[in-house]
Amino acid sequence: MPTSAPGISSRRGFTLLELLVVILIMGLAAGLIGALARPSDRALLRVEAERLAQLLDLAATESRLTGKPIAWTAESARYQFWRWRADAGWTEAREDSLRARSLPPGMAISELRIEFDPYVPVAYEVQMSLGQARTSIDASPIGEVRIHDPQ
């Protein structure tokens, strides 16, 4: 004897097994997308090195244009710029492109101080690292700034 009316199916949804298979597939897809979307340490380090290289070049250019020295200091995972003022000495650059910045978690920078003289170009090398990735920012005595990735 049939338990349902004719023409109406007794099946009303998905089985537990079908739901578990769909959830498993969605989890695997989300995991793969997450792994592919996260950039490598080398890529993150390169982006931060390019940003710092542009800021160092900007500081050197500003120093030449204004005729006033600008300094840059780095401490493990943070760096900042300083402007020379005749009445106050070295003061921290704030609220502009040369404001203090922190590096992303796990990234380190060589502790260093560079003073950009308006009349004498400065050569320097800044080392940066993230995990196993290493890079350096080099400036030549003629003011050319490059990023160098050691092999």
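We did not get these values from a lab; they are worked out from the coordinates using the rules stated. Owing to the predicted nature of the structure, the values given are computational and were not obtained by experimental measurement. Don't worry about glycine lacking a Cβ; one is built from the backbone with ideal geometry, like all the others, and counts go over all protein chains shown.
Distant-in-sequence amide contacts of Phe116, defined by a placed amide H-H separation under 5 Å and a gap of 5 or more residues or a different chain, comprise Ile70, Ala71, Trp72.
Compared with the dominant principal axis of the Cα atoms in the chain, helix 41-66 is inclined by about 30°.
Hey, if you put +1 on the Cβ of every Lys and Arg and -1 on every Asp and Glu Cβ in the range 56-151, which of Ala108, Gln132, Pro150 ends up farthest toward the positive end of that dipole? Toward the positive end, the furthest listed residue is Ala108. Report, to the nearest 10°, how far helix 16-37 tilts away from the longest principal axis of the Cα atoms in the chain, using its own Cα long axis and a range of 0 to 90°. Helix 16-37 sits roughly 10 degrees off the main axis of the chain.
Just tell me the longest site-free run in the chain, where the sites are trypsin sites (Lys or Arg not before Pro) in a DSSP loop having at most 15 other beta-carbon atoms within 10 Å. Within the chain, the longest run free of exposed trypsin sites (Lys or Arg not before Pro) spans 13-93. Under the combined filter of DSSP loop state and at most 16 neighbouring Cβ atoms within 10 Å, the range 27-130 retains these chymotrypsin sites (Phe, Trp or Tyr not before Pro): Tyr119.
Of the residues Leu19, Gln80, Ala30, the one whose Cα sits farthest toward the positive end of the charge dipole of the chain, with +1 on the Cβ of Lys and Arg and -1 on the Cβ of Asp and Glu, is Leu19.
Based on alpha-carbon centroids, what's the gap between the range 41-61 and the range 82-151 in Å, whole number please? What the calculation gives is 9 Å, centre to centre. Under a 5 Å amide H cut-off, with hydrogens placed 1.01 Å from N, Ala93 pairs with Phe81, Trp82, Arg83 among residues at least 5 apart or on other chains.
Computed across the chain, the Kirkwood hydrodynamic radius from all distinct Cα-Cα pairs reaches 19.3 Å. Evaluating 6.51 cos²θ - 1.76 cosθ + 1.60 at θ = phi - 60° for every residue in the range 94-108, the Karplus couplings come out as 10, 6, 8, 4, 9, 5, 5, 9, 9, 7, x, x, x, 8, 10 Hz, glycine and proline recorded as x. Each Lys and Arg adds +1 at its Cβ and each Asp and Glu adds -1 at its Cβ; summed about the Cα centre, the chain shows a dipole of about 680 debye. Note on the range 53-130: Rg/Rh from Cα positions, Kirkwood definition for Rh, rounded to two decimals, is 0.97.
Using C-alpha pairs below 8 Å separated by at least 6 residues, the relative contact order for the range 1-127 is 22 percent. Longest stretch of the chain clear of exposed loop sites (GluC sites (Glu not before Pro), DSSP loop, at most 12 other Cβ atoms within 10 Å, sites excluded): 1-94.
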